[in-house]
Amino acid sequence: MNKRIVVLGAGESGAGAAVLAKVKEFDVFVSDMSLIKDKYKNLLNQYDIVWEEGHHTQELILNADEVIKSPGIPENAPIIVALRERNIPVISEIEFAGRYTHAKMICITGSNGKTTTTLLTYHILKNAGLNVGLAGNVGQSLAYQVATQNYDYYVIELSSFQLDNMYNFKANIAILLNITPDHLDRYGYNMQNYIDAKFRITQNQTEDDVFIYWNDDPVISKELKAHHLKAKLFPFAETHEDGVKAYKKDHDIIIEAPDTTFSITDQELALQGRHNLFNSMAASISANVLDIKKEDIRAALSDFQGVEHRLEKVARIRGVEFINDSKATNVNSCWYALESMRTKVVLILGGKDKGNDYTEIESLVHDKVKAIICLGVDNSKLHAFFDGKVDTIQDASSMKEAVDKAFAAAQPGDTVLLSPCCASFDLFKSYEDRGTQFKECVKNL
């Protein structure tokens, strides 16, 4: 009798895991508490996979030999609690997919910058001619690609939620960009739980593997002393320090590897700003480790197109610049956005608070922000922190209202910045939906 695999959640991750399980001839069942998008229903039907939507039928789930959980489902969900009580293994799609490929895994995580670094790394590898797939939080499901493609390398963006249910999976190259408070509502408001999740990217690494990280992140530095990693360590930093493999010297970014060193001027980088300096360093080190020619790395760093919804310039209207940073779903990401601003700012904040501490951006708000527009269902926490700290603070309950009020508060030469610090799920389907609405409202001014 075939092993029974149950997949919980039928989005990109779950549908892909179900296809791989079916291809490997398991008995597969998919259950989603929400409605399943038509494209995923069609995919499941194409592979004759049984599915349900809008509810979980416990008797069809609790008889599983193993469960693959979509990353958005929390550990305290009733169905997960019931599975744990019965000692039924619960794993992630990435864990499952890793069993069926010998491809090299370049895995990237961090509180901020991981999407940009993932896409940039993929861009370098693909342009250099490697047979490479893009997976995780971007691109297609890793499991689906393993089922239908035959790549030699995968570049994978991993959230803490995906890392939570990975056990035997190994990253050949692991990149940890930074760790700042995020998703604390998911981790019992305990920062160490979140840190532990991020450091799972290093688990199972051997002396043959590489760990790339920001040398000046205080959380990473502290955790390194406790983990005793076996992997080769390739840190990067803003300035030259002992042991770092990438750093900035004057206007040059220097990338060092065991056999070669090369440089690129900061003006040649397609991505500007301090945060993107680190993203470019991390991607460059990984490419260097894979022996990609420095000419190919330099060319890819120069022509890379930025990530939508991340410091994306939308328009300049009557002298006011509008920037879409909807992907800034935590405070540290907003800090990087504000740090890069060179004008006075009208800042649009708000959404679903994840246990945010706004102290991190307080000084930047004081120095650069002339008005705050609070966009959310419940703005009480924003008012409690920012009232009296800026000249103008107003509420908005829709994107159109927020954009209209921000434009009214701005003067020629100012910047209207959507950098919300919060998740989008109170008023929007996703941060992409939030950013798209912002751009539409700006274009309609």
Phi angles of the stretch 137-147, converted by Karplus (6.51 cos²θ - 1.76 cosθ + 1.60, θ = phi - 60°) into ³J(HN,Hα) in whole Hz with x for Gly and Pro, give 6, 10, x, 7, 3, 4, 4, 5, 5, 4, 6
accessible surface per residue for the chain, probe 1.4 Å, DNA/RNA/ligands not counted, whole Å² -> 42
Connecting every pair of Cα atoms under 10 Å apart in the chain and solving the GNM, the largest mean-square fluctuation among VAL90, VAL30, VAL81 falls on VAL81
The answer for LYS104, listing residues at least 5 apart or on another chain whose modeled amide H is closer than 5 Å to its amide H, is TYR153, TYR154
One computes Rg over Rh for the stretch 18-171 from alpha-carbon atoms, with the Kirkwood Rh, and obtains 0.97
Carbon and sulfur atoms account, in whole percent of the 1.4 Å probe accessible area of the chain, for 47
Exposed GluC sites (Glu not before Pro) being those in a DSSP loop with at most 12 other Cβ atoms within 10 Å, the longest stretch of the chain free of them is 242-445
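Using a 1.4 angstrom probe on the protein heavy atoms only, line up ARG200, ARG316 by accessible area, largest first.
ARG316, ARG200
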Here the Kirkwood hydrodynamic radius of the chain, Cα-based and in Å, equals 23.0
Here the stretch 388-394 yields Karplus 3J(HN,Hα) values (6.51, -1.76, 1.60; θ = phi - 60°; whole Hz; Gly and Pro given as x) of x, 9, 9, 5, 10, 9, 10
Out of ASP208, ASP65, ASP217, a Gaussian network model of the chain with alpha-carbon springs under 10 Å gives the largest mean-square fluctuation to ASP208
The stretch 188-267 -> Rg/Rh from Cα coords, Kirkwood Rh, value 1.04
Note, the stretch 346-362: 3J(HN,Hα) by Karplus (6.51, -1.76, 1.60, θ = phi - 60°), whole Hz, Gly/Pro = x, goes 9, 9, 9, 10, x, x, 7, 5, 10, x, 6, 10, 7, 4, 4, 9, 4
The long-range amide H neighbours of ILE68, using H built 1.01 Å from N in the peptide plane and a cut-off of under 5 Å, are VAL6, VAL7, LEU8, ILE91
Between the alpha carbon centres of the stretch 196-240 and the stretch 112-167 the gap in Å comes to 20
GNM on the chain, Cα springs under 10 Å; top mean-square fluctuation among VAL314, VAL28, VAL346 goes to VAL314
For the stretch 255-401, the count of lysine pairs 8 or more apart or interchain whose alpha-carbon atoms are under 14 Å apart comes to 9
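The values are calculated or read from the model by the stated rules, or taken from the named source; none is laboratory data. Note that this is a predicted model, so its numbers are computed, not measured. We place every Cβ from the backbone using ideal geometry, glycine too, and count neighbours over all the protein chains shown. These area figures cover heavy atoms from the full protein model, side chains too; ligands, DNA and RNA do not enter into them. Shrake-Rupley method; radii C 1.70, N 1.55, O 1.52, S 1.80 Å.
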